[in-house]
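S.K.: Have a look at this one before I ask anything.
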Amino acid sequence: MSTTGAATPLSGTTTINPTNSNQDKIEVAHDANDHSENHSANAVGIPKKPASAYMLVSCLCVMVAFGGFVFGWDTGTISGFVNMSDFKQRFGQLNSEGEYYLSNVRTGLIVSIFNIGCAIGGIVLGRLGDIFGRRMGLIIVMCIYVVGIAIQISSTDKWYQYFIGRIISGLAVGAVAVLSPMMISETSPKHIRGTLVSCYQLMITLGIFLGYCTTYGTKSYTDSKQWRIPLGLCFAWAILMVIGMISMPESPRYLVEKNKLDQARKSIARVNKLQAEDPAVQHEVELIAAGIEEEQAAGSASWMELITGKPRIGYRVIMGIMLQSLQQLTGDNYFFYYGTTIFKAVGLNDSFETSIILGIVNFAATFVGLYVVERYGRRKCLLVGSVCMVACFAIFSSVGVTRLYPNGPDQTPSKPAGNAMIVFACLYICFFAATWAGGVFVIISETYPLRIRSKGMAVATAANWLWGFLIAFFTPFITSAINFYYGYVFMGCLIFSFVYVYFFVCETKGLTLEEVNEMYAEGVSPWTSSKWVPGSRALAVEIDQKPEVFNV
């Protein structure tokens with residue numbers, strides 16, 4: 001490919017220059033109006049088909065999204081491990097009464113170090129997708145994941161061996177968190193991209209739920225089967241992930257970047273149920289090539305470009321970091337990592353059961369998220385979610401502070417107050433799963449141009465893992481000091497999240513990844529972005545609406 005800013009003609013078709021005339025823009029029109037669905041007669045874009053036509057690509061993307069299941073499984077099982085008798089006996093300490101326990105420091109490290117591994121893995125190993133392709137990159141990191149699990153499951157009585165294993169498995173999961181949403185967003189049709197990227201979050205919730213169920217089933221053992229059986233199942237998840245990658249077509253954007261145009265056509269044709277020779281497929285390849293050539297004309301992307309790049313790359317990188325940070329600061333992992341501990345505090349005899357209830361709510365509500373993120377848009381989901389979660393945390397924390405211990409903190413907790421807290425914890429999880437859980441991953445996967453996508457997503461995701469580490473590590477200390485007042489901290493963060501999303505986050509619903517770049521280049525205001533129409537679509541509609549003139 002040349003580096004002149006115009007795409008090289010492909011198989012004898014017209015050259016596309018993304019900076020050229022309006023006539024070029026007419027040819028790339030897809031849908032018009034509110035990132036809409038009314039096709040222009042002049043449009044050559046990929047046609048929208050009935051939902052049944054996308055069954056294959058949906059199944060394939062779910063296989064890629066299975067990487068989220070691996071992360072969810074860890075979250076769902078580790079909260080049970082730290083409360084299991086054999087785990088505490090092997091990796092804990094003896095107290096003055098001769099009972100084994102895990103100190104706040106050791107608990108915080110074992111639970112949270114996984115997040116540090118994820119943060120490093122996302123930045124370092126996430127680059128494997130650019131080097132070897134999205135598919136092979138995911139296969140490589142799953143092999144690293146297996147090594148980490150093997151170290152953990154072979155631990156006998158050295159807590160630091162288990163600790164090291166969690167770091168290594170975290171490296172792999174961090175890379176998966178970058179590569180899976182990236183591959184889905186680059187491969188899936190734009191009409192259902194938001195829903196399919198949200199499947200990554202759906203798999204996380206499924207992993208959390210099944211992790212809860214598994215630890216509930218194994219806690220009755222009295223030996224290492226309590227925690228080694230759930231860990232051993234991780235090998236099966238890795239095998240399933242690799243099998244899924246073998247079936248998945250490679251990202252067409254990666255293939256075009258590597259000048260593998262025939263393979264790119266086949267990939268686009270397969271996911272859109274078209275023939276590789278279809279003009280719409282050819283046109284899509286040309287659009288991708290035009291965007292890539294324009295990016296390549298500026299040379300290889302450096303890390304500094306995340307700050308200085310155009311159009312508005314620094315703005316987008318900061319937005320990604322803020323959204324991923326705020327997703328953690330909503331307080332979701334306060335419940336997921338320490339769910340069993342929290343519900344013991346409200347007087348439940350078997351807190352494992354309540355964790356399963358949370359897992360069910362989380363999984364079920366994520367299905368709602370698959371619909372609303374595509375139906376109502378990304379911005380609106382985040383805004384409504386913030387308001388609803390503020391209300392839930394306000395009630396949860398207020399009841400915990402004022403009503404849970406009517407006779408003092410050392411006395412029996414109030415059962416009605418405890419039940420009310422569980423209800424609002426479930427409502428909180430419901431609103432989180434339907435809005436912020438998947439919505440953030442969708443926005444991040446759509447925000448960055450291909451040139452810096454892996455770097456931008458890695459940095460943003462690293463912020464999520466870093467805050468996950470801080471929350472997981474310090475939560476035992478904070479709850480020991482201020483108990484349920486901790487919820488007010490998350491409530492304040494949620495209020496800030498509403499303000500930030502309103503003023504800084506643009507709507508990307510219904511746009512191709514190239515059109516998202518165009519929106520940022522035009523400097524569209526976030527609060528008006530949902531009504532923005534790409535210039536190519538607006539011009540195509542304008543031409544369609546002009547009356548025909550006949551010469552007599």
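S.K.: Using only alpha carbon positions, build the gyration tensor of the stretch 217-278, then give the equivalent ellipsoid semi-axes as the square roots of 5 times its eigenvalues, largest first, whole angstrom.
M.R.: Result for the stretch 217-278: semi-axes of 44, 12, 7 Å.
S.K.: Place the peptides 305-314, 435-444 in order of packing, highest mean first, counting for every residue the other Cβ atoms within 10 Å and averaging per peptide.
M.R.: 435-444, 305-314
S.K.: Turning to a different aspect of this structure: When Leu109, Leu94 are ordered from fewest to most other Cβ atoms inside 10 Å of their Cβ, what list results?
M.R.: In order of increasing Cβ crowding within 10 Å: Leu94, Leu109.
S.K.: Let me ask something else about it. Please report, in cubic angstrom per residue, the volume enclosed by the convex hull of the alpha-carbon atoms of the stretch 47-86.
M.R.: Per-residue hull volume (Cα only) is 86 Å³.
S.K.: Once the piece of chain linking Lys48 and Lys415 is laid out straight, how much longer is it, given 0.36 nm per residue of separation minus the C-alpha distance between them?
M.R.: Length difference between fully extended and current span is 126.8 nm.
S.K.: Hey, what number do you get for the chain at 222 nm if only DSSP H runs of n ≥ 4 count, each worth -39500 (n - 2.57), divided across all residues, to the nearest 500?
M.R.: -23500 deg cm²/dmol
S.K.: Still on this model: Length gain on complete extension for the stretch Cys143 to Glu97, per 0.36 nm per residue less the alpha carbon to alpha carbon distance?
M.R.: 12.2 nm is the gain from fully extending Cys143 to Glu97.
S.K.: Now, a different point. Each label point is 7 Å from the Cα along the Cα-to-Cβ direction; what then is the distance between the points at Thr222 and Tyr160, in nm?
M.R.: Output for this residue pair reads 3.3 nm.
S.K.: Please tell me the relative contact order of the chain in percent, rounded to the nearest whole number, where contacts are Cα pairs under 8 Å and at least six residues apart.
M.R.: 24
S.K.: Using +1 on the beta carbon of Lys and Arg, -1 on that of Asp and Glu, and nothing else charged, what's the dipole of the chain about the Cα centre, debye to 20?
M.R.: So the dipole magnitude of the chain works out to roughly 860 debye.
S.K.: How large is the direction-averaged shadow of the alpha-carbon convex hull of the stretch 444-488, in nm²?
M.R.: The number I arrive at for the stretch 444-488 is 3.9 nm².
S.K.: Can I ask one more? Can you give the translational diffusion coefficient of the stretch 122-213 in µm²/s, computed by Stokes-Einstein from the Kirkwood radius over Cα pairs at 10 °C and 1.306 mPa s?
M.R.: It comes out at roughly 110 µm²/s.
S.K.: Could you compute the FRET efficiency for Trp527 and Ile239, with r as their C-beta to C-beta distance and R0 at 51 Å, rounded to 0.05?
M.R.: Using R0 = 51 Å, I get an efficiency of 0.60.
S.K.: So what is the orientation-averaged projected area of the stretch 204-335, using the convex hull of its C-alpha atoms, in nm²?
M.R.: Numbers: hull surface 50.4 nm².
Mean shadow area of the hull around the Cα atoms is 12.6 nm².
S.K.: Taking the C-alpha atoms of the stretch 54-146, how large are the radius of gyration and the largest Cα-Cα span, Dmax, in Å?
M.R.: 18.2, 62
S.K.: Quick check on the stretch 260-304: what does the Kirkwood estimate of hydrodynamic radius come out to from the alpha carbon pairs, in Å?
M.R.: Here the Kirkwood hydrodynamic radius works out to 11.5 Å.
S.K.: Sticking with this structure for a sec: In the calculated pair distance distribution of the chain, what percentage of Cα-Cα distances lie above 38 Å?
M.R.: 30
S.K.: Against the 2.2 N^0.38 Å scaling, with N counting residues, where does the stretch 136-283 land? I'd like the Cα-based Rg ratio to two decimal places.
M.R.: That works out to 1.31 for the stretch 136-283.
Values in this text are rule-based calculations from the coordinates and carry no lab data. As the structure is a prediction and not an experimental result, all values here were calculated from the model. Every residue, glycine as well, gets a Cβ built from its backbone with ideal geometry; the counts of neighbours run over all protein chains shown.
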